1. For region 124-179, which fully contained helices (runs of 4 or more DSSP H) count at least 1 residues that are within 28 Å of Gln200 (Cα to Cα)?
2. Looking at Ile506, is it without any contact (Cβ under 8 Å) to a residue 40 or more places away in the chain, within 14 Å of Glu548 (Cα to Cα) and surrounded by 15 or more Cβ atoms within 10 Å (Cβ to Cβ)?
3. Run Phe291 past the list (1) more than 16 Å from Phe323 (Cβ to Cβ); (2) at pLDDT below 90; (3) out of contact with any Asp or Glu (no Cβ under 7 Å at 6 or more places or on another chain); (4) open to solvent by 70 Å² or more (accessible area, probe 1.4 Å) and report the number of the one that doesn't hold.
4. If you scan region 35-64, which residues turn out to be of a type in the set (Phe, Trp, Tyr), part of a loop (DSSP other than H, G, I, E, B) and under 29 Å from Tyr525 (Cβ atoms)?
5. Picking from Phe83, Phe69, which residue would you name as being in contact with a Gly (Cβ under 8 Å, 6 or more places away or on another chain) and within 30 Å of Cys226 (Cβ to Cβ)?
6. Condition check: hydrophobic (A, V, I, L, M, F, W, C), part of a helix (DSSP H, G or I), farther than 21 Å from Phe106 by Cα and modelled with pLDDT under 95. Does Phe320 satisfy that?
7. Taking Ala384 as meeting all but one of (1) within 28 Å of the chain's Cα centre (by Cα); (2) surrounded by 15 or more Cβ atoms within 10 Å (Cβ to Cβ); (3) not aromatic (Phe, Trp, Tyr), write down the number of the exception.
8. Does region 92-107 hold any residues that are without any contact (Cβ under 8 Å) to a residue 24 or more places away in the chain and open to solvent by less than 40 Å² (accessible area, probe 1.4 Å), and which are they?
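The values are calculated or read from the model by the stated rules, or taken from the named source; none is laboratory data. Keep in mind that this is a model prediction, so the values were computed, not measured. As a convention, Cβ positions derive from the backbone with ideal geometry for all residues, glycine included, and neighbour counts pool all protein chains shown. Surface accessibility is based on the protein's heavy atoms, side chains included, excluding ligands, DNA and RNA. Shrake-Rupley method; radii C 1.70, N 1.55, O 1.52, S 1.80 Å.
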Amino acid sequence: MKQLQSVNYTKWLYLFTGVAIVINLTGLFTPILGPDATLYATIAKTMVQRNNYVDLFAYGKDWLDKPHFPFWITALSFKLFGFTTWAYKLPGILFMLMGAWYTFLFAKALYNKQIALWAVLILLTAQHIVLSNNDVRAEPYLTGLIIASVYHFYKSYTPHNFWHLLAGCLFAAGAIMTKGMFALIPIGGAVVGHFIITKQWQRLFAWRWLIAAVLVFIFILPELYCLYQQFDLHPEKLVFDHHNVSGIKFFFWDSQFGRFFNTGPIRGHGDPSFFIHTTLWAFLPWSLLLFAAIFQFIKKGRKNIEAHEWYCISGALLTFLLFSASKFQLPHYLNIVFPFFAIITAQYLSNIKNNLNAIRITQLIVIALMLTAIAALQYYFNAATFSDPSRFWMALLFGALLFLPQRLTDNLIQKIIFQTLLTSFIVNIYLNMVFYPNLAHYQAGSEAAVWINEHNDKKYPIAQIDDYYPTAMGFYSNTPVINLDADGNSPLPKGAFLLYAPSTVITALTAKGWHIQSLKTFKRYWVTRLKPAFLNEATRGTELSLMEVVLVTK
């Protein structure tokens, strides 16, 4: 009887995993949000249009910031499926799902199948993972590549291990060509940290790691070649307001250590506590359990070091501490250690024997807060479009939250996990199918581009003046877009053209004698910088600016 219950329970875990995957795909058709994601989409689009996969261009100029790998993958998707929203997002989501698969393999190898399934579900329902699969940047790629590399390096100490070593190096190189040399920190931290803590000196100083370093260097040669061709061979190019800028030096030093020490061309302001409070919301609904899991793992692990695996805790905490010490910090940086966090949390839930009621109360509070948050968000934001399918699935999942966990299992921890998962499903169906699609209407650049595509029957040239970010219009427009300065003094298209610009700029240009016919007005907001005044429908108008599409005839 117990075996039958175990089989049925495992089937439910597979079903919930399938639902979690679908939830992560629900943002596939929501417009790409700027400025970062629309910038990356525009760079990949330019690659395909110019048939140039060596040089990176943005805003019509040479662009030196991120490495090439995600742009190559996105460009391939554009070649296959066209310049669409889903063609941009799909590769990143697939890499994230690859990361979930490798999380399963790694957790199963370290622990058991049940912990592996729990780890996958925890990962796929962590709030910032779902968010990043909607607002796709480099992190979904990086998350999948890093955990894949760690798994294969771990397995490289099994028979026929060379292929695992080769795969580990290949994935590590992909991670480096996605974000730079700092991608090696969680990979090296996991492997080296485990060997040091368990005093496996022979494995730590094995020849295989020298071979691995050589292989990784060989695999990143395409990136080094591209940087050398675009920048090092052309010292006359102006980059970061300087000539004689080395792309290879930037790749190895300025893009990573320059940001860390705040000495490079791209700078920020660090806060040592930033990633602590970021984790509180980014790893919801599991963040409080994660903190307890880390504490208990270290507490028990100290008593019997060699009986524990230290890959996950080493890779996660080393990365966490270094990022906390950095002067350049963004919330999505932390995603790359979420597979480690998920495994640590899953093994904690599997092994816990005491304080079950405290965990139950904690998660019920988290569940109540999350459901209250989206109810309040809907009440104040008042989404204009709330489709019947969204209402149906949210109501169905809410009913499941109330009644299903009690019918599936008598185990308290298992009930808590099912309740937490169902809450995450409800919250993210609302966010991905209601909130973000409505929010995207305030990204005026993409809205205007779609309108122009449908109404520009005479194929007028298109120009824009945008003081937020021009890449939303640039990506979604079917016609090349000319960027003008705010005074309209840039070279203009010959003859009549369509202009997308703030209403205040349109008024100023009209006063200067431009012949302008207003065609369409759009409400604009910087949609990735949400403020309470914007989220509240009653005060939203004070946060909006007006953009216009006009026909300029002279």
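1. 139-155, 162-179
2. Numbers: without any contact (Cβ under 8 Å) to a residue 40 or more places away in the chain: no; within 14 Å of Glu548 (Cα to Cα): yes; surrounded by 15 or more Cβ atoms within 10 Å (Cβ to Cβ): yes.
So Ile506 does not fit the description; no.
3. (2)
4. Taking region 35-64 first, the residues of a type in the set (Phe, Trp, Tyr) are 40, 53, 57, 59, 63.
Narrowing the set further to residues that are part of a loop (DSSP other than H, G, I, E, B) leaves 53, 59, 63.
Matches in region 35-64: Tyr59, Trp63.
5. Numbers: Phe83 fails: in contact with a Gly (Cβ under 8 Å, 6 or more places away or on another chain).
Answer to the check: Phe69.
6. On the way: hydrophobic (A, V, I, L, M, F, W, C): yes; part of a helix (DSSP H, G or I): yes; farther than 21 Å from Phe106 by Cα: no; modelled with pLDDT under 95: yes.
No: the conditions fail for Phe320.
7. Exception for Ala384: condition (2).
8. Residue satisfying the conditions is Phe104 alone.
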